[in-house]
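In what follows, a structure is listed as structure tokens, so that the remarks can point back to it.
The values are calculated or read from the model by the stated rules, or taken from the named source; none is laboratory data. These numbers were taken from a predicted model, which means no experiment stands behind them. Cβ: placed from backbone, ideal geometry, glycine included. Neighbour counts: every protein chain shown. Remember, those area values only see protein heavy atoms, side chains included, never the ligands or the DNA or RNA. Shrake-Rupley method; radii C 1.70, N 1.55, O 1.52, S 1.80 Å.
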Amino acid sequence: MSTTESAVSGLDYEETQLTLAPPGASRSELERKRGFSEGVDLSLETKDFLSGSSDEAPISGAGEPSAAKAQVVGWPPVRSFRRNVLKSCTYVKVAVDGTPYLRKVDLEAHAGYQQLLTALEEMFSCFTARNYPNETLVDPVNGTEYVPTYEDKDGDWMLIGDVPWKMFVASCKRLRLMKSSEAVDLAPRTPTGCITAR
Amino acid sequence: MTYFPEEVVEHIFDFLGSHRDRNAVSTVCKAWYHVERFSRRNVFVGNCYAIRPERVMARFPGMKSLSVKGKPHFADYNLVPYDWGGFALPWINAAVRRCPGLEDLRLKRMVVTDDDLDLLARSFPNFRSLVLVSCEGFSTDGLAAIATYCRGLRELDLQENEVEDHGRQWLSCFHESCTSLVSLNFACLKGEVNAGVLERLVARCPNLRSLKLNRAVSVESLNEIVARAPYLVDLGTGSFAVDHHTDAYQRLMNSFSKCKSLSSLSGFWEASPHCLDAVYPVCINLTVLNMSYAPAIQADDLIKLISLCFKLQKLWVLDCIGDKGLAVVASTCKELQELRVFPSDIYGAGATSVTEEGLVAISSGCPKLNSLLYFCYQMTNAALITVAKNCPHFTRFRLCILDPWKPDPVTNQPLDEGFGAIVRSCKNLRRLSLSGLLTDQVFLYIGLYAKCLEMLSIAFAGDSDKGMVYILKGCKNLRKLEIRDCPFGDFALLNDVAKYETMRSLWMSSCDVTLGGCKALAAKMPRLNVEIINESEGSDKLEENISDLHKAEKMYVYRTVAGPRNDAPDFVWTL
């Protein structure tokens, strides 16, 4: 028993540890880095074991620091029940160019694009929706036209209405009412827009 | 006092509310032990594996109310594998045989099956109250059995359980003659209930004071219910999504204004901002408000609501309330005792959130604050020092900085001084959770000052074994210690093995303790169960070539008089 203790607590053990940091780094830094990567490894090994962990945020290649965080099992310490409630939340943020405040809208609460635009109109009650020729929202005060756009899972900004509604709900991360004048270089709309029928 | 007849001694013991006091008097002498054990009605078992159920029932034959806890706390965060244990059946079986007069049962973090609930329902004619918290293993079939057979049921309280929906109309199983319900909470259920059945149940239970609905209950139904139960004290709404232009909304507003007794509100699943106007009439009386399941409500709407809640004592919100919203809480809610701020954006980058400013505002505005759970992205030492000065009455202080090892962003220093100030100032601190960048120094402070501390949760902290040693040496009242991802190893683990018999349990995961260290602990302390959870593939047997130097990924140590448990799954090794 004493040999075990001395083997693990003695200086020899520390010196021979493999670490991620260069030799000059302080000990506390070393320990931290090792601990963190162990946390990451653990999540990869036990992904199948633990419910919920495999549903964590996908590893995005965009270099978002939160992606690595999401892999640490059990962190942040939030109960599964609460996590599931937030996960099933299909609310996305809505930003309007030129205004500082954000709103949130539940995509799943609407049956289609028409209803969504109506909800946006109500939310930003200063706008009136104009459905023809394009789906735009107009601020009656100064006549500025806004085009509803969204950021999809790939991080691209798209015009609303091109893809089937359900596909849109699944891929939309957030909405932005962009000034028409700035919406020029978004992907052009397909001639047979999907908006009216749904 | 030994000259007093037993009845007098028993009467005196009646004044002892806490089980700790009763435990204490029972150790004074044989006579007191004898009197106490026959007169104990409420029994609390903090660890279901610390003692065999039969022994508990044999000691307390007059038991009417039993509360048992199963899995370790970190099971809440998916750190304990499914099937680890914590089964309710042995406890229910023992009670069936020895305590048929059982009236109340409370289980937390345990596995409860439909058969268990069926057995429970049929076996105790005086059964009044079932409370299940963070349990799993049962479905609505089990609830149907409870509803069917527990005539005279007063309380069915299901808090954050994983319940399978078998679609059976369990609520309809409450007999027409059942009028005794005082408290019904099914907020955690996913499935629908029959609206008419629910409304009739509420209407025929005149003593109903607490009702918490699930998401599937519509606003129309809520309206019917509130209209029929104006004496409700505690309400959890169902879905709260309603178009505020409609008549339904108007009726709802009228109904709420009739609820003069309502002092606690929760739920608000799918609430959209304008709906909250309906609730304004009751705000003035609210002492408890839980908005933490309503991610659509933004800061401005929360502020409008909270600015009416002068009597609020307990507030649970999401961090979208922001520092601005917390400032409003600080200026409005002078009676506030408990605040919980949960993260709304666990998977993303967390744009809207709260910072140290919000916490400082709360501390200066709410002098009665004694319980805090606060998730944020950053914290400073200066803020914590200010909070410590403003609020010396904390009994529970749990701070979760979402980025592990994050230092004070202003000074780039660890948060040792900040937490040190908290433990120095809050002499009655019983529970503490740490986060952010922390060195051994913070543990020195905790060991030095946190004399009342009973539960400590540590993650991604410390530099060396010294940290853990400071804790074990200094915290005389420590009962539960849970540690993850810290550089504490065998030296700290084995430094004072007798300490663990004074505690309920110790959890260490992703630390530096080795299999050899754990074996050493087990060998020295026969009255501790030292369990290793091993999750790597194909390693069922302890013997197979696993060196003592191998790290023990998850270790759970607890004192017990029951010996090693006989229901441990293959991946749990008891050393």
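For the reader, a short list of remarks on this structure follows.
- Prolate/oblate/rounded call for region B:49-168, Cα gyration tensor, a/c under 1.5 rounded: oblate
- Spatial offset of region B:39-112 relative to region B:416-449 amounts to 33 Å, using the alpha carbon center of each.
- Buried accessible area, chains B and A (both chains, 1.4 Å probe, Å² to nearest 100): 5200
- Residue by residue, region B:384-395 carries 3J(HN,Hα) couplings of 5, 5, 5, 4, 4, 5, 6, 10, x, 9, 4, 9 Hz when phi is fed to the Karplus relation 6.51 cos²θ - 1.76 cosθ + 1.60 (θ = phi - 60°); x denotes Gly or Pro.
- Neighbouring partner chain Cβ atoms per residue of B:72-79, average, 10 Å criterion: 6
- At a probe radius of 1.4 angstrom, the accessible area of region B:34-121 per residue rounds to 34 square angstrom.
- Accessible surface computed residue by residue for region B:330-400, with neighbouring protein chains in place and a 1.4 Å probe, gives 33 Å² per residue.
- Base-10 log of normalised Debye intensity for region B:346-478 (one unit scatterer per alpha-carbon) at q = 0.10, 0.15, 0.21 Å⁻¹: -0.28, -0.65, -1.27
- Here the sum of -39500 (n - 2.57) over DSSP H runs of 4 or more residues, divided by the residues of chain B, equals -9000 deg cm²/dmol at 222 nm, to the nearest 500.
- Cα gyration tensor shape of region B:186-294, rounded if a/c is under 1.5, else prolate or oblate by comparing a/b with b/c: rounded
- Per-peptide average of other Cβ atoms within 10 Å, ordering A:144-152, B:65-73, B:254-262, A:98-106 highest first: B:65-73, A:144-152, B:254-262, A:98-106
- Accessible surface of region B:244-302, 1.4 Å probe, proportion on carbon and sulfur as whole %: 53
- Listed pairs B:LYS334/B:LYS466; B:LYS190/B:LYS314; A:LYS173/B:LYS334; A:LYS87/B:LYS64 exceeding 32 Å between Cα atoms: B:LYS334/B:LYS466; A:LYS173/B:LYS334; A:LYS87/B:LYS64
- Rounded to 5, percent antiparallel among DSSP beta bridges of chain B: 15
- Amide H contacts under 5 Å for A:LEU177, placed H, 5+ residues apart: A:ALA95, A:VAL96, A:ASP97, A:THR149
- Nearby lysines by direct alpha-carbon distance to B:LYS71 (threshold 17 angstrom, same-chain neighbours under 8 apart not counted): B:LYS108, B:LYS480, B:LYS554
- Region B:310-377, accessible surface, carbon-and-sulfur percent (1.4 angstrom probe): 54
- Protection proxy ranking of B:498-508, B:336-346 - average other beta-carbon atoms within 10 Å, highest first: B:336-346, B:498-508
- Peptide B:289-297 - average C-beta neighbours from other chains (10 Å radius): 3
- Number of partner chain Cβ atoms within 10 Å, mean per residue of B:483-490: 5
- Protein heavy-atom surface of region B:30-183, 1.4 angstrom probe: 49% of the accessible area is carbon and sulfur, with nucleic acids and ligands not counted.
- Overall form of chain B: oblate. Here a/c, set by the Cα gyration tensor axes a ≥ b ≥ c, is 1.5 or more, and a/b is not larger than b/c.
- Antiparallel DSSP beta bridges within region B:446-575, as percent of all bridges there, nearest 5: 60
- Highest to lowest packing among B:567-575, B:108-116, scored as the average C-beta count within 10 Å: B:108-116, B:567-575
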